[in-house]
Amino acid sequence: MNAAIRLSVSGMSCAACVASVEGALIGVTGVSIANVNFAEHTALVKGDVAAQSLVDALRTAGYDAAELTSDEDVAEKEAAEAIHYKQLLKKAAFAAAVGIPQFVFGMSGYLPGLDSNGQPFWLAVGVLTLVVLAYSGGRFFTGAWNSAKNHNANMDTLIALGTGTAWVYSMVIVIFPELVPAMAQHAYFEAAAIIIAFINLGAVLEARARGKTSEAIKRLIGLQAKTARVVRDGIEIDIPIEDVVLDETIRVRPGERIAVDGVIIDGHTSIDESMLTGEPIPVQKRVDDEVAAGTINKMGAFLFMAKRIGRDTALSQIIDMVRTAQASKPAIGRMVDKVASVFVPSVMIIAVVTFLAWMNFGSGDQVTALAIVTTMTILIIACPCALGLATPISIMVGIGKAAEFGTLIRNGDALQQAGKLTTIILDKTGTVTEGRPSVSALVGSAGWSETRLLQWAASIERNSEHPLAEAIVAAANEKQIKFLEAEQFIAIAGHGVEASIDGKKVYLGNRKLMGDRDIDFLPFEATALELERQAQTPMFMAIDGKLAGVISVADVIKSDSSAAIQRMHDAGLKVVLLTGDNRITATAVAREVGIDEVIAEVLPQDKAAKVATLQAQGELVGMVGDGINDAPALACADVGFALGTGTDVAIESADITLIRGSLHGVVDAIAISKATVRNIKQNLFGAFIFNSLGIPIAAGILYPFFGLLLNPMIAGGAMAMSSVTVVSNANRLRFFKPKGAL
């Protein structure tokens with residue numbers, strides 16, 4: 001078994017924690033993949049491993065965790081986060097209530113000095129500030145201690161060291177003021193309290209903004225019906241959806257949401273499938289048609305038989321796919337995690353070096369205070385919260401946005417890579433075309449009407465399983481043509497079929513079949529060539545050695561293929577048609593939809609080689625297909641796009657699934673990819689610039705020249721606001737709409 005386990009992880013405070021948590025999970029025997037989503041505080045683990053083993057490993061590493069096994073667990077997690085949100089708000093308010101009055105009255109000169117007369121007041125302030133550190137900032141000190149026990153360092157380490165140093169230094173000054181010169185006798189109780197207030201307030205704003213990023217999942221979960229009306233022993237009863245079993249008969253009334261996937265067994269209706277396909281027009285459904293969970297019955301009651309229940313329904317699989325993708329990391333995210341894992345220890349080293357530099361090379365009575373203040377400010381401002389949020393928060397929003405447009409992205413790498421594609425390869429049948437051939441022309445010789453020609457052709461093709469045969473039989477059924485009795489049916493692979501009707505020998509097939517049977521097809525050759533130029537497949541029919549006419553079958557081009565391909569060209573993409581069909585038909589299709597390059601008559605096993613050839617030429621290739629024969633090419637491409645209307649094998653082989661079955665989804669995915677990566681880079685630029693510029697200023701580099709020193713309180717506020725800025729910037733993606741999107 002190689003199951004996927006989702007965990008809710010608490011105790012993570014910054015990007016440095018991500019590496020610690022992932023390391024602890026990877027260290028468990030049986031784990032093959034572990035991805036931690038810092039923005040959502042979850043982990044997705046794959047492998048042959050028990051969930052409890054993972055939880056135990058995280059607790060040993062200083063974190064707490066619980067398995068998320070159902071939507072109820074997710075709801076409990078959200079409820080717990082709501083409680084945590086309120087607690088953070090209270091802690092921020094308490095710390096501010098202690099720190100801000102100190103700051104205001106101190107700036108106004110109303111606070112007593114640090115002499116013997118003012119000592120009782122400052123001792124009381126010190127005790128009150130200690131309460132702030134314990135109540136409002138206790139989680140930082142606990143987190144720092146747990147990290148230290150596991151030989152790690154994280155954001156909690158920096159905050160605990162910074163505020164703890166401020167409090168200890170201030171208490172020493174209050175109790176033993178003579179230890180430092182008079183100019184350096186300053187208490188920093190207000191700085192410690194306000195820093196804690198700012199960081200908690202930043203966490204409050206971050207949690208509030210972060211909650212919006214999971215709206216895509218919440219909307220999908222909201223599409224699930226809670227109950228189903230089942231028919232048992234002739235009696236209709238409403239039961240919880242969890243109690244529905246396979247092959248259960250379920251009744252659906254107008255306006256109701258369908259509970260599970262199944263097949264209609266009685267009645268007909270129209271169903272709103274927009275939640276699955278993005279198409280607003282209801283789809284007509286009859287007996288033997290499939291229905292999907294979460295879709296809405298618009299009119300007419302019907303009965304259907306449950307075929308996929310629980311986590312096997314299409315909606316549940318979509319939810320799992322979106323969750324998995326949101327938890328995955330693109331290459332840029334993995335790079336940031338590595339940087340963050342060494343960032344905190346580096347900051348601690350910089351802080352120590354700064355302290356020693358001031359103590360050894362500084363001058364004046366305030367040198368000790370300056371050394372303490374600069375060290376404390378570095379520890380506070382350098383917290384890499386924004387770095388940890390920069391990538392995952394954008395990935396979550398971007399993949400959720402793609403889902404809104406009917407595009408399911410399986411992983412972060414696909415999201416990052418899609419925007420870099422230079423060439424799009426399109427399969428023809430079922431991708432550019434509908435994939436459902438239909439009779440497009442009937443041309444009979446003397447004495448053969450269209451109806452009679454179709455009757456004879458359908459009568460022998462009724463015994464064939466070929467897609468073209470199905471099209472001919474369907475056309476006859478549509479016109480309610482009576483079938484003739486066909487005998488001695490033989491299918492001739494790659495050529496056509498033969499049979500006997502009323503004692504007459506009938507042949508239906510291509511030129512090769514006619515030639516092998518010495519039948520003169522030249523009178524209809526010009527007609528056949530013209531039909532081929534129109535992307536149709538002509539078949540000759542002969543009766544007792546004489547040509548009766550030509551039946552042409554065409555796979556109709558999808559109504560939106562031309563517009564979607566034009567959008568690809570507008571985006572600067574090279575578009576190639578790759579098909580096993582003959583060159584004349586392929587060229588005709590390409591000409592009609594605006595594709596410049598055609599690679600035709602390619603065997604299924606050679607499609608992947610064609611993809612590799614383009615890649616060898618320096619192209620970044622996206623492959624779009626829907627069939628089993630496309631699976632190797634989809635897997636070989638830089639990004640594989642599978643149409644949701646295609647086979648399960650193709651979908652499993654692809655990186656991105658287009659649920660609507662429209663090529664517009666390819667362009668939408670590319671546009672969302674570019675917007676998401678651009679958003680990630682904006683976040684990373686802001687976070688890196690903030691830390692890069694903030695640390696030297698915090699170290700006091702401007703003090704010798706301009707007398708400017710960064711206040712620890714301002715550093716705490718700036719650090720907290722940087723995370724809020726990153727989250728807010730990522731949430732801008734929620735309003736993004738690809739240009740030209742339907």
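The values are calculated or read from the model by the stated rules, or taken from the named source; none is laboratory data. Small disclaimer: the values here were computed from a predicted structure and weren't measured. Heads up, the Cβs are rebuilt from the backbone with ideal geometry, glycines too, and the neighbour counts pull from every protein chain shown. Please note that ligands, DNA and RNA were not included when accessible areas were found on the heavy atoms of the full protein model with its side chains. Shrake-Rupley method; radii C 1.70, N 1.55, O 1.52, S 1.80 Å.
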Under the rule of at least 5 residues apart or a separate chain, name every residue whose amide H is placed under 5 Å from the amide H of Thr42. Val9, Asn37
Check the straight Cα-Cα distances from Lys558 and name the lysines below 16 Å, setting aside those fewer than 8 residues away within the same chain. Lys428
Leading residue at positive end of dipole, the chain (Cβ point charges), from Asn731, Ile250, Met514: Asn731
FRET E, pair Asp312, Leu693, Förster distance 56 Å, beta-carbon r, rounded to 0.05: 0.60
Residues Met335 and Leu708, FRET efficiency given R0 of 41 Å [Cβ-Cβ distance, rounded to 0.05]: 0.75
Kindly provide the helix-only [θ] at 222 nm of the chain, computed as the sum of -39,500 (n - 2.57) over DSSP H runs of four or more divided by all residues, to the nearest 500 deg cm²/dmol? -16500 deg cm²/dmol
Placing each pseudo-label 7 Å from Cα in the direction of the beta carbon, Tyr135 and Thr613 end up separated by a distance in nanometres of 7.5 nm
If I model a spin label as a point 7 Å beyond the Cα along the Cα-Cβ vector, how far apart are those points for Val263 and Ala526 in nm? 5.0 nm
Cross-link list Lys90/Lys681; Lys574/Lys681; Lys46/Lys338: which exceed 24 angstrom alpha carbon to alpha carbon? Lys90/Lys681; Lys574/Lys681
Determine the gain in length on full extension of the stretch Asp247-Asp56; use 0.36 nm per residue of separation and subtract their C-alpha separation, reporting nm with one decimal. 64.7 nm
Per-residue SASA entry for Ser270, accessible area with 1.4 Å probe, Å² rounded to 10: 10 Å²
Residue separation times 0.36 nm, minus the C-alpha to C-alpha distance between Ala493 and Ile33: what's the value? 161.0 nm
Per-residue ³J(HN,Hα) for segment 142-151, Karplus 6.51 cos²θ - 1.76 cosθ + 1.60, θ = phi - 60°, Hz, x for Gly and Pro: 5, x, 5, 5, 4, 5, 4, 4, 9, 6
Distance between modelled label sites at Val231 and Ser559, nm, 7 Å Cα→Cβ extension: 3.4 nm
Given R₀ = 60 Å, FRET efficiency for Lys504-Glu67 by Cβ-Cβ distance, to 0.05? 0.25
Nearest-ten-degree value, helix 664-698 long axis tilted from longest Cα axis of the chain: 10 degrees
Residue by residue through segment 614-619, the couplings from Karplus 6.51 cos²θ - 1.76 cosθ + 1.60 with θ = phi - 60°, in Hz, x for Gly and Pro, are 5, 5, 5, 7, x, 7
If Lys420, Lys46, Lys739 are ordered by their accessible area, calculated over protein heavy atoms with a 1.4 Å probe, which sequence runs from highest to lowest? Lys739, Lys420, Lys46
What does the extension gain come out to for Ala82 and Ile701, with contour length at 0.36 nm per residue minus their alpha carbon separation? 218.7 nm
Could you put Ile265, Ile296, Ile595 in order of accessible surface area, largest first, with the 1.4 Å probe and the full protein assembly present? Ile265, Ile296, Ile595
Could you please state how large a percent of the accessible area of the chain is carbon and sulfur, counting protein chains only and using a 1.4 Å probe? 58 percent
Can you return the lysines within cross-link range of Lys307? Criterion is Cα-Cα under 19 Å, with same-chain partners fewer than 8 residues away left out. Lys226, Lys285
Accessible-area ranking of Phe105, Phe706, largest first, probe 1.4 Å: Phe706, Phe105
State the answer as a single residue: which of Ala474, Ala499, Phe489 lies farthest towards the positive end of the charge dipole of segment 472-520, with beta carbon charges of +1 for Lys and Arg and -1 for Asp and Glu, about the Cα centre. Ala474
Under the √(5λ) rule applied to the eigenvalues of the Cα gyration tensor, what semi-axes describe the equivalent ellipsoid of the chain? Give them in Å, descending. 70, 28, 19
Probe 1.4 Å - accessible area at Trp122, Å² to nearest ten: 20 Å²
Cα centroid separation, segment 522-545 to segment 676-698 (Å): 66 Å
Keeping all protein chains in position, work out how much accessible area Lys505 exposes to a 1.4 Å probe, and write it in Å² to the nearest 10. 60 Å²
The chain: relative contact order in percent, alpha carbon pairs under 8 Å with at least 6 residues between: 14 percent
Which percent, nearest 5, of DSSP beta bridges in the chain are antiparallel? 80 percent
What whole-number value in Å² describes the accessible area per residue of the chain for a 1.4 Å probe? 43 Å²
